[in-house]
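Working notes, beginning with the structure itself.
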Amino acid sequence: MDAETQTHPVNLILLGPPGAGKGTQARMLTEAFGLVQLSTGDLLREAVAQGTPAGKVAKQVMAEGQLVSDEIVLAILKDRLDQPDTGKGIILDGFPRTEGQAEALDALMLDRGAPISAVISLEVDDEAMVGRIAGRYTCAECGEGYHDDNKPPASEGVCDKCGSTQFTRRPDDNAETVRTRLGAYHMQTAPLIDYYALRGNLKPVPAMAPIDDVAEKLTQIVKEVSDG
Ligand code: ADP
Ligand code: AMP
């Protein structure tokens with residue numbers, strides 16, 4: 001299956017702790033299959049940058065590494081879901097993160113007649129996530145993600161995708177906040193693994209492997225759920 005031959009919209013959730021590779025893999029699936037990446041982290045950072053009322057509340061919470069309230073996150077997600085491009089199929093990256101969000105999502109997707117096709121759980125070791133987050137940076141122009149050791153650009157200081165020489169690092173990507181974010185993941189988000197396992201659409205994927213190997217597994221899953 002590719003973007004041309006896709007049989008019906010595929011709606012995916014990428015589940016995993018900070019640093020698991022959700023954003024990296026979502027971008028790959030966007031390029032390979034034309035799915036639309038919906039990252040609540042990106043949407044919240046936009047709201048913070050624009051200084052919206054929700055962004056003002058979220059700013060401090062995000063800096064501390066805690067979860068933003070379900071109310072704010074759901075409002076932001078609904079707005080984005082309402083845009084017409086999401087009909088092609090979506091990849092939810094960083095959402096849902098609480099059982100309340102998962103239940104709200106079930107209702108939203110039921111309303112849209114667009115059920116979740118698969119929930120991909122990226123299985124990683126917590127300790128390695130600290131190094132992944134500490135070394136993460138992004139092209140300021142096109143958003144391509146890099147890592148100091150694991151995924152440097154082919155030509156040092158130049159984005160592989162768009163040629164820009166400007167890169168950014170997130171203010172919350174520091175060792176202290178990462179610990180809080182991993183704690184929030186285990187307390188509030190990890191229970192969703194059972195939530196989706198009970199509904200029968202959980203696909204666990206070992207994600208300590210190199211980026212391309214994980215990408216291959218995810219490509220296989222998208223093909224299966226799209227054809228099935
Ligand atoms: P998430 O969106 O889950 O927080 P990212 O996709 O931003 O995680 O990945 C975190 C960092 O780890 C990035 O710098 C990325 O380049 C790197 N990375 C992602 N997947 C892997 C992998 N399988 N092996 C090594 N490094 C990875
Ligand atoms: P991320 O970009 O996914 O690493 O998210 C960055 C930060 O945004 C998190 O540490 C939370 O503060 C906030 N955030 C992103 N998505 C959610 C969500 N679904 N629920 C609550 N908070 C979120």
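Could you count how many residues in the range 205-228 are among the aliphatic types (A, V, I, L, M) and assigned to a loop (DSSP other than H, G, I, E, B)? So that I can check it myself, show each step before the final result.
Within the range 205-228, the subset among the aliphatic types (A, V, I, L, M) is 205, 207-209, 211, 214-215, 218, 221-222, 225.
Filter again for assigned to a loop (DSSP other than H, G, I, E, B), leaving 207-209.
Residues meeting the conditions: 3.
So, Arg179, is that one within 14 Å of ligand 2 (Cβ to nearest atom), within 22 Å of Arg27 (Cα to Cα), of a type in the set (Lys, Arg) and in contact (Cβ under 8 Å) with a residue 12 or more places away in the chain or not? Can you show your working first?
On the way: within 14 Å of ligand 2 (Cβ to nearest atom): yes; within 22 Å of Arg27 (Cα to Cα): no; of a type in the set (Lys, Arg): yes; in contact (Cβ under 8 Å) with a residue 12 or more places away in the chain: yes.
So Arg179 does not fit the description; no.
Checking the conditions here, which among Lys203, Lys161 is free of Cβ contacts under 8 Å to residues at least 24 places away in the same chain and surrounded by 12 or more Cβ atoms within 10 Å (Cβ to Cβ)?
Residue meeting the stated conditions: Lys161.
Exactly one condition in (1) surrounded by 18 or more Cβ atoms within 10 Å (Cβ to Cβ); (2) of a type outside the set (S, T, N, Q); (3) without any contact (Cβ under 8 Å) to a residue 24 or more places away in the chain; (4) within 21 Å of Ile90 (Cβ to Cβ) is false for Val222; which is it?
Only one criterion is unmet by Val222, namely (3).
Identify, from the list Ala104, Ala128, the residue that is in a helix (DSSP H, G or I) and away from ligand 2 (no atom under 14 Å from the Cβ).
Values: Ala104 fails: away from ligand 2 (no atom under 14 Å from the Cβ).
Just one listed residue meets the conditions, Ala128.
Let's see how each residue does on (1) of a type in the set (Ser, Thr, Tyr); (2) touching a His at 6+ places or on another chain (Cβ under 7 Å); (3) closer than 22 Å to Leu218 by Cβ:
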residue	(1), (2), (3)
Gln66	no, no, no
Lys78	no, no, no
Thr86	yes, no, yes
Arg97	no, no, yes
Ala128	no, no, yes
Glu144	no, no, yes
Asp148	no, no, no
Val158	no, no, no
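Mind listing just one residue for me: the one in the range 14-70 that is in a strand (DSSP E or B) and not polar (S, T, N, Q) and, of those, farthest from ligand 1 (Cβ to nearest atom)? Reasoning before the result, please.
Initial filter on the range 14-70 (in a strand (DSSP E or B)): 14-15, 36-39.
Next cut, not polar (S, T, N, Q) only: 14-15, 36, 38.
Working: Leu14: 7, Leu15: 10, Val36: 16, Leu38: 13 Å.
The residue in question is Val36.
Given the criterion surrounded by fewer than 17 Cβ atoms within 10 Å (Cβ to Cβ), farther than 29 Å from Glu71 by Cβ and either of a type in the set (D, E, K, R) or more than 15 Å from the chain's Cα centre (by Cα) (or both), identify the matching residue among Asp111, Asp106, Asp149. Break it down into steps so the answer makes sense when it comes.
On the way: Asp111 fails: farther than 29 Å from Glu71 by Cβ; Asp106 fails: farther than 29 Å from Glu71 by Cβ.
Exactly one of Asp111, Asp106, Asp149 is surrounded by fewer than 17 Cβ atoms within 10 Å (Cβ to Cβ), farther than 29 Å from Glu71 by Cβ and either of a type in the set (D, E, K, R) or more than 15 Å from the chain's Cα centre (by Cα) (or both), namely Asp149.
Pairs needed: first member in the range 40-65, within 17 Å of Asp173 (Cα to Cα); second member anywhere, among the acidic types (Asp, Glu); C-beta distance under 7 Å; at least 6 residues apart or different chains.
Met62/Asp172; Ala63/Asp172; Gly65/Asp172
Read through the list (1) more than 21 Å from Pro206 (Cβ to Cβ); (2) part of a helix (DSSP H, G or I), then give the number of the only condition that Cys162 fails.
Cys162 satisfies all of (1) more than 21 Å from Pro206 (Cβ to Cβ); (2) part of a helix (DSSP H, G or I) except (2).
Determine, yes or no, whether Lys88 is more than 13 Å from ligand 2 (Cβ to nearest atom) and more than 30 Å from Asp149 (Cα to Cα).
Details: more than 13 Å from ligand 2 (Cβ to nearest atom): yes; more than 30 Å from Asp149 (Cα to Cα): yes.
For Lys88, the condition - more than 13 Å from ligand 2 (Cβ to nearest atom) and more than 30 Å from Asp149 (Cα to Cα) - is met.
Computed from the coordinates by the stated procedures, all read-outs in this text should not be read as laboratory data. Just so we're clear, the structure is a prediction, and the values are computed from it rather than from any experiment. Every residue, glycine among them, receives a Cβ derived from its backbone with ideal geometry; neighbour counts consider all protein chains shown.
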